[in-house]
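Undergrad: I have a structure here, written as structure tokens, and I will follow up with some questions on it.
The values are calculated or read from the model by the stated rules, or taken from the named source; none is laboratory data. This structure is a prediction, so every number in the text was calculated from the model and none was measured. Reconstructed Cβ throughout: ideal geometry from the backbone, glycine too, with neighbour counts over all protein chains shown.
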């Protein structure tokens, strides 16, 4: 058989790409936080968690860094590494920045939206609604984040999407790290429906107005967090 023939090519093993161990550990820790097993203010001792996962402390620190960027963990010399505790005032400050950045993303995304991208966003909205019906906090968080990230990616501005990820994760963490009642789930679903309808309109001004109105209403009525932005 000649070298390079189709039959011989199939015998060549292909590399299988897997997630880095630190990312797998970060996901497991995030689920532990979202499920309520770890609560805001709880301290994470590196030695104990490294032993629990059967990994080295350097790998665990990488996982901690990822969760810190996502807003789930904080680190300080005095307290070590602990689960994030955010006050409403801190959330208000973060929300001001997030709304300003996401307003830009919404307007850009509306003008550049494709049927394929809109379809993917609709799929995440459906996932969000299903998780809300089941009161499944972990699935709800995943769909919520995926919905927004798909919007941020449409403008193809990695600086904008990167900054939005960093600033928004803290707000996601504030919302998800405590029990939510059905009315809050329903309000969040309605907020995302209005954002989606704005994007689907194809009108950047209408999309911006829908995003601002629904987002500010949700944070004011459901979380008691209000920012002074004119719309």
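Undergrad: So which helices (runs of 4 or more DSSP H) stay within the range 122-231 end to end and still have 3 or more residues that are under 13 Å from the mean Cα position of the chain (by Cα) and not assigned by TED's automatic domain parsing to the domain that holds residue 38?
TA: The helices (runs of 4 or more DSSP H) meeting that bar are 137-153, 158-176.
Undergrad: Sticking with this one: Take the residues of the range 16-41 that are within 16 Å of residue 136 (Cα to Cα) and surrounded by 12 or more Cβ atoms within 10 Å (Cβ to Cβ): which is modelled with the lowest pLDDT?
TA: 34
Undergrad: Right, next: Take the conditions touching a strand residue (DSSP E or B) at 6+ places or on another chain (Cβ under 8 Å), closer than 27 Å to residue 65 by Cα and modelled with pLDDT under 95 and apply them to residue 163. Does it pass? Even if it seems obvious, please write down each step before you answer.
TA: Details: touching a strand residue (DSSP E or B) at 6+ places or on another chain (Cβ under 8 Å): no; closer than 27 Å to residue 65 by Cα: yes; modelled with pLDDT under 95: yes.
Answer is no for this residue.
Undergrad: A follow-up question, please. Tell me, which residue of the range 74-92 that is buried (at least 16 other Cβ atoms within 10 Å of the Cβ) and without any contact (Cβ under 8 Å) to a residue 40 or more places away in the chain is farthest from residue 48 (Cα to Cα)?
TA: If we take residues in the range 74-92 being buried (at least 16 other Cβ atoms within 10 Å of the Cβ) and without any contact (Cβ under 8 Å) to a residue 40 or more places away in the chain, then 74 is farthest from residue 48 (Cα to Cα).
Undergrad: May I ask you to say which residue of 182, 193, 213 is within 24 Å of residue 89 (Cβ to Cβ), out of contact with any strand residue (DSSP E or B) (no Cβ under 8 Å at 6 or more places or on another chain) and surrounded by fewer than 16 Cβ atoms within 10 Å (Cβ to Cβ)? Break it down stepwise before answering.
TA: Values: 182 fails: within 24 Å of residue 89 (Cβ to Cβ); 193 fails: within 24 Å of residue 89 (Cβ to Cβ).
Result of the check over 182, 193, 213: 213.
Undergrad: When the range 55-94 is examined, which residues are found to be touching a helix residue (DSSP H, G or I) at 6+ places or on another chain (Cβ under 6 Å) and part of a helix (DSSP H, G or I)?
TA: Within the range 55-94, 57, 59, 60, 62, 63, 66, 67, 91, 94 meet the criteria.
Undergrad: Quick one: in the range 38-54, of everything that is part of a loop (DSSP other than H, G, I, E, B) and touching a residue at least 12 places away in the same chain (Cβ under 8 Å), which residue is nearest to residue 174 (Cα to Cα)?
TA: Within the range 38-54, the match that is nearest to residue 174 (Cα to Cα) is 40.
Undergrad: Being under 14 Å from residue 170 (Cβ atoms) and within 18 Å of the chain's Cα centre (by Cα) is the requirement here; does residue 72 meet it?
TA: yes
Undergrad: When residues of the range 104-121 are filtered for being in a helix (DSSP H, G or I), closer than 19 Å to residue 206 by Cα and more than 17 Å from the chain's Cα centre (by Cα), how many remain? Give the derivation first.
TA: Of the range 104-121, the ones in a helix (DSSP H, G or I) are 104-112, 115-121.
Next cut, closer than 19 Å to residue 206 by Cα only: 104-112, 115, 117-118, 121.
When the remaining residues are screened for being more than 17 Å from the chain's Cα centre (by Cα), the result is 104, 107-112, 115, 117-118.
Looking only at that region, the number is 10.
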